[in-house]
Amino acid sequence: MSQQVQDQPMSGDPEGGDGTEELRLLPLDQWHRARGGRMVPFAGYEMPVQYEGIMAEHLWVRAHAGLFDVSHMGQLTFTGEGVEAALEALMPADIQAAKLAHPVYSLLMAENGGILDDLMLTRLGEGEVYMVVNGACKWDDIAHFREFLPDEVGMNHMEDHALLALQGPEAAAALERVVPGVSALVFMQGAPFQWQGHDLWISRSGYTGEDGFELSVPVEAAAALADAITAEPEVKPIGLGARDSLRLEADLPLYGHDLDAETTPVAAALGFALKKRRREEGGFPGHARIMLERENGSILKRVGLVVEGRQPVREGGLVLDADGNEVGKVTSGGFAPTLQQPIAMAYVPAASAEPGTKITLAQRGKIHSAEVVKMPFVPHRYVRKGA
Amino acid sequence: MSRYFTEDHEWVDVDGDTATVGITEYAQSQLGDIVFVEVPDEGKQVSKGDDAAVVESVKAASDVYAPVSGTVIEGNAELADNPALVNEDPEGEGWFFKLTLSDAGELESLMNDSAYQEYVSKL
């Protein structure tokens with residue numbers, strides 16, 4: 001028996017994972033190992049791909065609550081007068097109009113209209129922005145910011161902070177017992193909290209489609225906080241494997257797979273990240289191409305596919321036209337635990353992007369039939385109003 | 001009846017000139033939740049080392065090699081509807097296929113149970 005594809009904790013690792021690179025350890029490395037986490041290389045770190053099993057962990061998060069360690073991601077703060085406008089020169093967000101303490105999804109843009117990274121940013125105050133970027137991209141992002149931000153803007157890489165995510169329909173009830181007051185937050189709202197004398201920043205957000213929270217915590221308090229949260233009966237630790245299958249079901253693209261430097265926000269169906277004032281005024285890399293694509297449509301479009309049968313069609317699978325020509329590709333795919341069937345994200349010709357369209361896929365010499373469906377595959381359950 | 005093992009984590013039970021092939025407990029534990037299995041059709045000729053079956057878990061797709069040469073006489077039809085059987089009972093009900101051996105001498109290059117256990121303990 002041998003693997004045809006690289007061991008893929010999160011639809012593969014764009015940063016290698018061939019075992020030859022120097023891997024960093026997470027602040028919670030020992031915590032994961034003590035709980036039976038199976039550690040694999042991801043984004044330059046040794047990370048837990050699973051504890052008891054991807055399927056069980058996935059279903060647990062959909063039914064209860066799961067704690068993820070996402071400390072490999074880059075946490076950055078930017079300070080200084082004019083930081084909002086300075087960051088706007090690199091991305092299509094309307095940062096100047098963003099409400100304080102409300103996270104905003106945005107895209108670090110390349111000159112050709114491609115995407116260098118996707119990220120969440122939060123205005124903490126006038127001239128103060130907190131940002132979370134992908135682990136596999138963070139060093140390139142930091143270099144990019146150093147190169148393109150004016151000297152007046154200070155940047156701090158918060159390597160002294162871990163990042164935890166608690167996700168699932170029972171997340172609010174569980175976390176409220178540990179950090180009273182968190183359940184007053186609504187989806188895409190954050191606030192500072194105190195826990196045992198430590199400062200936390202918590203936002204109601206996540207990467208699973210479920211209600212939940214992301215918690216920025218000083219490294220020295222991270223293990224104790226993870227212990228306190230997983231001591232709640234609703235909560236189990238969850239690995240990267242389930243994080244990947246959960247985000248796929250929830251129509252949340254993964255950078256390095258569904259998004260890359262050659263893919264525009266229009267093709268990626270991320271038009272909501274192109275804010276109105278920024279579309280009109282421009283002033284971010286790739287604006288001209290993006291406006292042209294909005295007008296005329298992109299050649300390819302990211303869609304969701306349900307694959308017939310039980311065999312998953314994974315990243316790298318081909319989209320074929322009626323003559324057998326390659327016209328697109330699968331960028332994420334797997335067996336959806338919630339739906340108990342294979343699903344995928346793929347880039348298909350714009351004319352084939354309507355729900356209901358039949359799509360032919362090829363993988364390792366075998367043809368698969370699929371159908372375009374509306375995403376998310378599993379409905380989002382965000383809490384948008386206070387309970 | 002004797003059981004043999006390969007370094008690729010297949011097992012082979014031999015009864016006369018009939019061999020039953022599956023993947024080991026170690027293999028299923030490494031793969032995790034198995035969601036799809038494709039077994040060879042009856043009559044298919046396989047040579048030692050050929051791709052003979054496919055097994056897919058939530059996270060990865062893997063080939064199962066023919067550990068010995070022969071003619072397939074039966075694939076485990078049960079696995080199409082219940083691939084998780086491989087997780088539950090990999091070295092029993094979760095067998096993959098049976099074949100008629102064409103060269104029993106090939107078995108000599110495989111490991112016995114204690115040699116395989118020692119091999120796995122070093123992985």
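The values are calculated or read from the model by the stated rules, or taken from the named source; none is laboratory data. Since this is a predicted model, take the numbers as computed values, not measurements. So basically every Cβ, Gly included, is an ideal-geometry build from the backbone, and we count neighbours across all protein chains shown. Areas reflect the complete protein model, heavy atoms only, side chains present, ligands, DNA and RNA absent. Shrake-Rupley method; radii C 1.70, N 1.55, O 1.52, S 1.80 Å.
Relative to the compact-globule scaling 2.2 N^0.38 Å, provide the ratio for the alpha-carbon radius of gyration of chain B.
On the way: Rg = 13.3 Å, N = 123, 2.2 N^0.38 = 13.7 Å.
It is 0.97.
The distance from the alpha carbon centre of region B:50-105 to that of region A:326-384 is 28 Å, rounded to a whole number. Region A:55-128 and region A:231-296 have Cα centres lying 11 Å from one another.
Once a ≥ b ≥ c are taken as the square roots of the eigenvalues of the Cα gyration tensor of region A:345-387, is the result rounded (a/c under 1.5), prolate (a/b larger than b/c) or oblate (a/b not larger than b/c)? Prolate. Among B:56, B:38, the order of accessible area from largest down is B:38, B:56, computed with a 1.4 Å probe on protein heavy atoms.
Against the compact-protein benchmark of 2.2 N^0.38 Å, the Cα-based radius of gyration of region A:223-302 scales to 1.60.
Leaving out ligands, DNA and RNA, what percent of the accessible area of region A:299-373 is carbon and sulfur, probe 1.4 Å? Each step should come with its number before you reach the end.
Values: 1660 of 3150 Å².
Summing carbon and sulfur atoms, their accessible area is 53 percent of the total for region A:299-373.
Buried accessible area for the A:B pair, summed, 1.4 Å probe, in Å² rounded to 100?
Numbers: alone 16460 and 6360 Å², together 20730 Å².
Adding both sides of the contact gives about 2100 Å².
At full extension, residue A:294 and residue A:147 could sit 50.0 nm farther apart than now, given 0.36 nm per residue minus the alpha carbon distance.
Among the listed pairs A:138/A:276; A:329/A:366; A:366/B:98, those whose Cα-Cα separation exceeds 21 Å are A:138/A:276; A:366/B:98.
Expressed in Å, the radius of gyration and Dmax of the Cα atoms of region A:169-295 are 18.5, 53. Sorted from greatest to least, the principal axis extents spanned by the alpha carbons of region A:96-152 come out as 29, 24, 22 Å. Here region A:299-373 is treated with +1 on each Lys and Arg Cβ and -1 on each Asp and Glu Cβ, and its dipole about the Cα centre works out to around 240 debye. Across chain A, the mean sequence separation of Cα contacts (distance under 8 Å, 6 or more residues apart), normalised by length, yields a relative contact order of 18 percent.
When the alpha carbon gyration tensor of region A:299-373 is reduced to an equivalent ellipsoid, the three semi-axes, largest first, read 17, 14, 10 Å. Remark: region A:201-256 projects, on average over all directions, an area of 4.7 nm² (convex hull of Cα atoms). The phi-based Karplus calculation (6.51 cos²θ - 1.76 cosθ + 1.60; θ = phi - 60°) puts the 3J(HN,Hα) values of region B:111-118 at 8, 8, 4, 5, 5, 5, 4, 5 Hz, whole numbers, x for Gly and Pro. Note on residue A:275: lysines with a C-alpha under 22 Å away, same-chain residues under 8 apart excluded, are A:99, A:301.
With all distinct Cα pairs included, what does the Kirkwood hydrodynamic radius of the protein assembly as shown come out to in Å, to one decimal, could you say?
On the way: mean 1/r = 0.0408 Å⁻¹.
After inverting the pairwise mean of 1/r, the radius is 24.5 Å.
For region A:27-153, what is Rg from Cα atoms divided by 2.2 N^0.38 Å, rounded to two decimals? Write out the running numbers ahead of the final one.
Numbers: Rg = 17.5 Å, N = 127, 2.2 N^0.38 = 13.9 Å.
After normalising by residue count via 2.2 N^0.38 Å, the value is 1.26.
When all alpha carbon pairs of region A:222-380 are counted in 10 Å bins from zero, the resulting P(r) reads 10, 34, 29, 17, 9, 1 %.
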